[in-house]
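Enquirer: I have a structure I would like to understand better, so I am pasting it below and will then ask my questions one at a time.
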Amino acid sequence: MIRHLAGKVGGALVSLLFVVTLGFLLFRVIPGDPVVAMTRGRPVTGDQLAELRARLGVDKPLGEQFVDYLGAALRGDFGTSYVYSRPVLELIGERLWPTVLLTGTSTALAVTIGLWLGIRGAWRRGSRSDRISTGLALAQWAMPTFWLGMLLSLATGDLFPSGGMRYPDTPPDFLSQSLDVAHHMVLPCLTMIAVVYAQYLLVMRSSLLEEMHADYLTTARAKGLRDDVVRRRHAVPNALLPTVTLVFLHLGLVVSGAITVETVFSWPGLGLLTYEALTGPDLPLLQGTFVVLAGAVITMNVFADLLYRVLDPRVRAS
């Protein structure tokens, strides 16, 4: 187990190093000059532009820029944002919790809905409710997230806020602030749930259908157990393994995939911060958010692999 853990952690570190390198090179080919973007609409001379490039370090050769960036990244320093003139990690820390709140809430609800509908659909395979729930889930899964978000915003009108996280005039007490955030979170949360829950439904349905023909379920029924007891105590726990693994495997992708939802609804999280950095381009901020989002995916992949090994004794024995 220790050898397996060391191998996974080592692989994750190599992947993270590759992400850091890719992030540096990828954002250097984005069209646009950050210095020109920062000074747009301002009367500046060529000498002032050159001085600003030298201060930001973008006038150095690409190799030298990469060495400086890699050394600083290994120390946990991703530089200072061009636009906000603040440390990148400080900005990421401020925007992290709104993203965790949104993605955590939507994932928990999507898992609950997906598992319930998947179990119900598998146990009543071919019924009208199974066909409707599966077809609806596939249709929503195929929808672009930003398009679905805009449709929900148009359909609900003024019923729910379509932007921001809270109103500026909300009373400062905890209950009022919490209710205001929950009110603002309805549309972005519904958008993410509608797209994500289909995966859990389909995987749970498929896993349970495979378990339904297992010999141990036939034995349980032969002992006189009721059908709902056979399903709840025997079939479902064994069918949950792939779905539980998928939850953690997909959690990192949900965090990184929140960019479109946060942009559509102006939710002040990492996704919106990444979009704002792209419009610059704000290179240090882009590189920092890219590493954090990719790191979340890598971490969840490692955790899902280890969890699968813990839950499935067949994998532990191999």
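FYI, it's all coordinate maths here, none of it is from the lab. Everything numeric in this text was worked out from a predicted model, so none of it was measured.
Enquirer: In degrees, nearest 10, range 0 to 90: what is the angle between the Cα axis of helix 145-156 and the longest Cα principal axis of the chain?
Expert: So the inclination is approximately 80 degrees.
Enquirer: Between segment 187-216 and segment 39-83, what is the C-alpha centre distance in whole Å?
Expert: 47
Enquirer: Then there is this: Before rounding to the nearest 500, sum -39500 (n - 2.57) across all DSSP H runs of length at least 4 in the chain and divide by the residue total; then give [θ] at 222 nm in deg cm²/dmol.
Expert: On the way: 15 runs with 240 residues, N = 318.
When only DSSP H runs of four or more count, the value is -25000 deg cm²/dmol.
Enquirer: A follow-up question, please. Could you run the Karplus curve 6.51 cos²θ - 1.76 cosθ + 1.60 with θ = phi - 60° over segment 71-76 and give me ³J(HN,Hα) per residue in whole Hz, x for Gly and Pro?
Expert: Going residue by residue, I get x, 5, 5, 5, 8, x Hz, with x marking Gly and Pro.
Enquirer: Over all directions, how big on average is the projection of the convex hull of the alpha-carbon atoms in segment 101-234, in square nanometres? Before the final figure, lay out the partial values.
Expert: Working: hull surface 42.5 nm².
Approximately 10.6 nm², given one-decimal rounding.
Enquirer: Give, in nm to one decimal, the length gained when the segment between LEU16 and LEU138 is fully stretched (0.36 nm per residue of separation minus the Cα-Cα distance). All intermediate terms of the calculation are to be shown ahead of the outcome.
Expert: Numbers: separation 122, 0.36 × 122 = 43.92 nm, distance 3.30 nm.
Stretched fully, the LEU16-LEU138 segment lengthens by 40.6 nm.
Enquirer: Below 8 Å, C-alpha to C-alpha, sequence gap of six or more: please give me the relative contact order for segment 89-315 in percent. Could the numbers behind the result be given before it?
Expert: On the way: 266 pairs, mean separation 63.9, N = 227.
Value for segment 89-315: 28 percent.
Enquirer: Okay, next question. Using θ = phi - 60° and the Karplus form 6.51 cos²θ - 1.76 cosθ + 1.60, what ³J(HN,Hα) does each residue of segment 82-93 get, whole Hz, x for Gly and Pro?
Expert: 5, 7, 8, 6, 9, x, 4, 5, 5, 5, 5, x
Enquirer: For helix 283-311, what angle does its Cα long axis make with the longest principal axis of the chain, in degrees from 0 to 90 and rounded to 10?
Expert: Compared with the principal axis, the helix lies near 20 degrees.
Enquirer: Looking only at Cα atoms, what is the convex hull volume of segment 89-315 per residue, in Å³?
Expert: Spelled out: Cα convex hull of segment 89-315, divided by residues, is 158 Å³.
Enquirer: Given H placed 1.01 Å from N in the peptide plane, which residues other than close sequence neighbours of ARG125 have an amide H under 5 Å from its amide H?
Expert: Result for ARG125 returns nothing.
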